[in-house]
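The values are calculated or read from the model by the stated rules, or taken from the named source; none is laboratory data. Not measured: the values here are computed from a predicted model. FYI the Cβ positions are ideal-geometry reconstructions off the backbone, even for glycines, and counts take in every protein chain you see. Accessible surface areas use protein heavy atoms only, side chains included; no ligands, DNA or RNA. Shrake-Rupley method; radii C 1.70, N 1.55, O 1.52, S 1.80 Å.
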Amino acid sequence: MNALIKKGSSFKSSIVLPLDKSIAQRAAILNIETNDGIVGGDVISTRQASKNAIANGEENLYLGNSGTGIRLLTGYLSGLGRKFNLSGDMSLSKRPMDRIADPLNELGAKVSLNNGKPPIKILPSKLKKEFSYRLPIPSAQLKSSLLLAALNGKTKIEIIEPELSRDHTEKMLKHLECDIKIEYKDSLRRIYLNGEVPIKEKRVFIPGDFSAASFFIALTLLSENSRLLIPEVGINPSRIAFFDVLKEMNADISVENIKEKNNEAYADILVNSSKLRGRVIAKEIVPNLIDEIPILSMLAVFAEGSTFFEGLSELKVKESDRLKAIRSLLTEINAKFEANLDDLTIKGSGNNYSFSNAKFNSFNDHRIAMCGAILSSRSIDDIQINNVDSIETSFPNFFENLSSLGFTIDLS
């Protein structure tokens, strides 16, 4: 399915977000009851695969496009001592899985891959009683995969984290009364989990997805005389580097009505049209900004001054090679940029910059497709985006929200 989008005028409104994808994925694997809300195809795939494995006793599990789902579920199932085969769609079948398979095998699991990629085979095994592992890079998926394996395998595990990555799994396990502790020692974050203590089934509240909100935050910043309220958005400190960066870029953005449930903070986000300034995005903050790099790079085009992105190698192994996809988007709107290996410099053309005759390649990647749609706010004429079906994986009401803000969308 392709999209033809015509921008609207200014708006003062609010939108409805899907539930936080990261938290919903973990709840789906653990079969925990949550609040009702919109979820994308990735969460649905994970929920069904987990149900098929645990409740129905099936061996062959299909995860669709869910990279988080297949990595976390591989860990969770590795601790059960049973045989499983996990597969996905064409896109997922190209994504590397060594990062989780190798540590899981060190833990005692028997996980094999197809040239480092799915399908993933799990054979019956007995996990080690105790295990310590230092993360080579910040990775919430690797950390979570090991924690979930230890939980099912009744293993005592220590995970050493040089840098904080998303901590939804730790927060959820603490809420579910697992024996989990976090300490800081020698400038390192250490997570201790005693897998012999099972979870207690308790309801989990899932706020709106911050990564989904980022696209409409960007849209409001780029639109003239516009104002947007986004209610009940998750503001977990390990997720909101995008918010902090925007504040430093002179964005008029704030949080209101901060609350907390099951150890997760959430709030209303209020954003207004803004004139942005470029800045340096150091590699140290990229891990907690990784999902927002594509839309942030688009915002940089319309800022004053240059924005330098350092250390973007992780983008190459997402749903697409997102570094390549970003360069494609920038080229299509005649942006000024320089790419050097894993670094990217965008020379901002200022708040009044516009473009025309844009036809965007989504690379079958939901975040790239949504970037193209948001860029329509600065196009002189209609823009076209090919293959927007992938948006359903994370933000099924994306076009509905865009339409409510005055945009005209033709999907065919």
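All told, residue 343 falls short of being open to solvent by 50 Å² or more (accessible area, probe 1.4 Å) and out of contact with any strand residue (DSSP E or B) (no Cβ under 6 Å at 6 or more places or on another chain). Can you tell me which residue is surrounded by the fewest Cβ atoms within 10 Å (Cβ to Cβ) among those in segment 350-374 that are more than 15 Å from residue 293 (Cα to Cα) and in contact with a helix residue (DSSP H, G or I) (Cβ under 6 Å, 6 or more places away or on another chain)? So the residue we want is 354.
Within segment 44-91, the set of residues being hydrophobic (A, V, I, L, M, F, W, C) and in contact with a strand residue (DSSP E or B) (Cβ under 7 Å, 6 or more places away or on another chain) comprises 49, 53, 61, 63, 70, 73, 77, 84, 86. Residue 122 - would you say it is open to solvent by 10 Å² or more (accessible area, probe 1.4 Å) and in contact with a Ser or Thr (Cβ under 9 Å, 6 or more places away or on another chain)? Answer is no for this residue. Within segment 65-87, the set of residues being open to solvent by less than 10 Å² (accessible area, probe 1.4 Å) and either aliphatic (A, V, I, L, M) or under 20 Å from the mean Cα position of the chain (by Cα) (or both) comprises 66, 67, 69, 70, 72, 73, 74, 75, 77, 86. With respect to residue 224, is the statement that it is more than 18 Å from residue 17 (Cβ to Cβ), assigned to a loop (DSSP other than H, G, I, E, B), charged (D, E, K, R) and in contact (Cβ under 8 Å) with a residue 60 or more places away in the chain true? Yes: the conditions hold for residue 224. A single entry from 283, 247 fulfils the requirement of being free of Cβ contacts under 8 Å to residues at least 12 places away in the same chain and over 23 Å from residue 172 (Cα atoms): 247. Checking segment 183-195 against the condition returns a match, with at least one residue being touching an Asp or Glu at 6+ places or on another chain (Cβ under 7 Å), farther than 26 Å from residue 283 by Cβ and surrounded by fewer than 24 Cβ atoms within 10 Å (Cβ to Cβ). Applying the criterion of at least 1 residues that are aliphatic (A, V, I, L, M) and in contact (Cβ under 8 Å) with a residue 40 or more places away in the chain to the strands (runs of 3 or more DSSP E) found wholly in segment 1-110 leaves 3-6.
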